Structure formats: structure tokens, C-alpha cells
Amino acid sequence: MAGRVARVWRVFTAHPARTVVMAFAAVILAGAVLLALPASSETGRATDPVTALFTSTSAVCVTGLVVVDTGTYWSGFGEGVILALIQVGGFGIMTLASLLALLASGKLGLRMQLTAQAETKSLGIGDVRRVLLGVAGSTLIVELAVGAFLALRFRYGYGDAFGEAAYLGFFHAVSAFNNAGFGLHADSLTGYAQDPWVTLPIAVAVILGGLGFPVLLELLRHRTRRRMTGRRTWSLHTKLTLITTALLLVTGALLTCLLEWENEGTLGPFGWGAKLLNGFFHSAMSRTAGFNALDIGAMHPSTLLVTCMLMFIGGGSAGTAGGIKVGTFAVLAAAMLAEVRGEPHAAVLGRRLAPHVVRQALTVALLGVGLVMAATLALLTVTTASFEAVLFEVVSAFGTVGLSTGITGDLPTSGRLITILLMFVGRLGPVTLVSALALRERTRRYQLPEERPVIG
């Protein structure tokens, strides 16, 4: 029996991406067990397993969808468990394990280096140590800075007790940087919709977390190098991520303001300054963060569609964001532009894209579309909610965003289980898929006869 278990374990841990999946699943189950304990609920009664599993999955996958109100249902212990799950899930389970091993022994084994490399998207084995320490440092700095700023605002702007203000500030800072979207207020951040001293720091934390750790580390490293040499050289990945992120943020903000400007349920009652602020905030949150300062359920269907597109694209690779990633979107856009121009190769920013990169981007995007369509169909069969509400919920779960029109708590058990699976696949699917595609790439020693089927 022991030998059989060992063989099964070797099968699941032979591939670094499989190890990441198994680690995430194990942490989710452990979190569900803790949240199901009587001590985790405010009432002192045990939580039903599906609710505990849903909340644990949403926290570890840094999604933010909830079936019970976080601030009123869970006790202090339960909220602490959720916060820990968010931090572990956003930081990366294998990244955390590798960092602990590095701190404890000062070295990493080859298998752990390969696993950490798969999760953090390090360029090489030699980069793993530097990336791990950089990820830990950047996470700590951003969360502490944003948490302290929010704590001061809650203390002196709203009169909260010092301990309560600090707890609110750091909980929301950790949730924001990890793009989790868990809040301690029943209405998320709608009570602070006209307060830029709350919404803007949270938006900054969300954007920084959504850029991805490779981009953050490169920006920090090149800032130091520029100070020494006077030159700035960024990789293509960093340039693509920054440019595409900026374009999507601006586009999302403009469309949100344009579509919701006169909507009395959202931007209508605000002055023009608050309208612009909330248009930008909603655009930033649609990049997989999950906080909302506007009533999502009151938005026009056109705005929900724009939000779905932003949620599906997501943020940067190897960070806390979900979706197909901005790099994938940029590569597909470059490939389409090259085809329209009749050029033989896709190129962007003066660099030719390798054919296998374009194929991987196309595979990730099409599988994402297929998964969203299948999950939407499945949810429509078990709930009476409208099509746009179900589609929005599915894209939010797949993109690990956490925004909702308000139907999450009304989903039946089967619908919650579908959403749980969708959040898990949305968080780990792109990482696992791209790693598997890269490792399966092989050279063919012959060429098949060429044929051109009719397209269009």
C-alpha cells in the first residue's frame, strides 16, 4: 500500500506545474477545514463544508467572491485564516515554501528550484534565489506602506479606534496587493466612493500586484542600474506589460465614465471629480481585484460587458492577477496586426515574436473562452439568474476578480461547486498550461505536405 501511494505521489510531483497544483489544492482543503470549525464563525457554530470550501478557494485563488459576508459572518479567528490564505495564495505556495527553505538552510534543492521557477516565471535556475527574496521584499514593502496609510486615514478621517483602524488598513492592504478583493464591509468600498485617500491607495496596491513580480523586480533593479549607469533598458515583457496595462486602465476608465455618467444607480449622483475617480477605480478593480465602490448590479449591460472584457484579460504574468494575462492579449494583438498587414512574422516594439509564443497565446485564450462558455452554460442550467449576470459571475471567477452583480450568495450548491472549480482553474490553469506546453515542445524531423483550407 505504501509503495502504491509513493508511486501515485511521484506521478503528481514529477512535473513542477503539477506540484504547484497539488500544493494549492492541499492549502485550500486545509483552509476549508479551519473555516468549518466553530471558532471561525461569529455565532460559534460550525460552517457547512461547501461554504467553507468556497471561501477557502476564493481566498487562496485571490478571487474575492463570497457567499457570506466576510465582516459579519466570520469571527476574528476566521478572518485571520482568510487573511493568511490570501497572503499564501497571492504570494505563491511553492514560492513561500522555497523562501522558507532558503531562509532556514541557505540553499535550495534542484526540484524546489524548478518548482519555484515554474510559479514565479524566473528566467533561469540561477535567478530563483534573487526572485524569491525580491518577491518577499516587494510584498512586505507595498503591504506595510499601503496598510499604514489606510490605517491613518481610518483613524483620523473616520474616527475609528487605533486598533480597529490598523486592522482595517492592513487587511485591505493585503487583500488589495494580492488582488483578492476581500473586504470587511458588507458593501465593499461603496462607503468610500468619494474618498480618494482610501480608493487611490487601494488602486495603487492592486495595480502594483497586478503587474507581476518579474516586472516589479525589473523596475526596481533597473532603477538602481540607471542610477549607476544613466541608462534604462527594460525587457520586452516589462514593456508589453506596462504599455498594455496603461492602455487598458485608461480605456476601461473612459468607457465606464461614458456609459455610467448619467446612471443614477452608479455615477449619476456624483460630481465630475468623483465620477472620474470612480471610473478609474472600477477600471483598476476590473483587472482582477474585486473591490467595488459602485453598485455592480445597477450598472448598464454595456458596462458589464466592458468589465467582462477587462476581467478576462486580467493582469500581468507571475503575479497576483488572473485572466489570460496582458502579455497574452498583447501577443495576440500583434499577431492579428501582422496578419492584417500581410507580414510573415508578428513583431512588437522592434522585436520579432517566436512562433511558439504566438501559438501558446492563442491556446491560452481559446481555452479560456471555451471554459467560460462551458461554465456559463452549466450555471444557466442550475440558476434562474439572467444571462448577463451569470456570464459576469463566470468571467469574474475565471479571472479571479471577485466582482459580482449579487448572485453569488443565491447560487445553489451545484452552482457553488462549479464556481469553486472555475476559480481554481482560473488561478492555476494558465500557469500549468503554459509550463506544460513549454516542456512538451519538440523538434519534428520532417515536414508534412502543406494544404490551405478555406478561412472565413
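The values are calculated or read from the model by the stated rules, or taken from the named source; none is laboratory data. Remember, it's a predicted structure, so these values are computed and weren't measured experimentally. Because the Cβ atoms are built from the backbone with ideal geometry, glycine has one as well, and the counts that use them run over all protein chains shown. Areas reflect the complete protein model, heavy atoms only, side chains present, ligands, DNA and RNA absent. Shrake-Rupley method; radii C 1.70, N 1.55, O 1.52, S 1.80 Å.
Miscellaneous remarks
- Using the average count of surrounding beta-carbon atoms within 10 Å as a protection proxy, the listed peptides 285-295, 332-342, 307-317 rank, highest first, as 285-295, 307-317, 332-342.
- All-pairs alpha carbon distance profile, segment 276-358, 5 Å steps from 0, percent: 3, 14, 19, 18, 14, 13, 10, 7, 3, 0
- In sequence order, calculated HN-Hα J values of segment 70-83 (Karplus, 6.51, -1.76, 1.60; Hz; x Gly/Pro): 4, x, 10, 7, 8, 6, x, 5, x, 5, x, 4, 4, 4
- Near the amide H of Trp74, within less than 5 Å, lie the amide hydrogens of Glu42, all on another chain or at least 5 residues away, with H placed in the peptide plane.
- Heavy-atom accessible surface of segment 238-366: percent carbon and sulfur, 1.4 Å: 68 percent
- Residues in segment 132-259 average 46 Å² of solvent-accessible surface per residue, probe 1.4 Å, ligands and nucleic acids excluded.
- With the highest mean first, a sort of the peptides 345-357, 385-397, 136-148, 206-218 on other beta-carbon atoms found within 10 angstrom per residue produces 206-218, 385-397, 136-148, 345-357.
- Applying the Karplus relation 6.51 cos²θ - 1.76 cosθ + 1.60 with θ = phi - 60° to segment 411-421 yields 3J(HN,Hα) values of 5, x, 4, 4, x, 5, 5, 4, 5, 4, 4 Hz, where x marks Gly and Pro.
- Full extension of the chain between Ala161 and Leu380 gives 74.3 nm of extra length, using 0.36 nm per residue less the Cα-Cα distance.
- Each residue of segment 160-174 was assigned a 3J(HN,Hα) from its phi angle through the Karplus curve 6.51 cos²θ - 1.76 cosθ + 1.60 (θ = phi - 60°); the sequence is 5, 4, 4, x, 5, 5, 5, 5, 4, x, 6, 4, 6, 5, 5 Hz, with glycine and proline shown as x.
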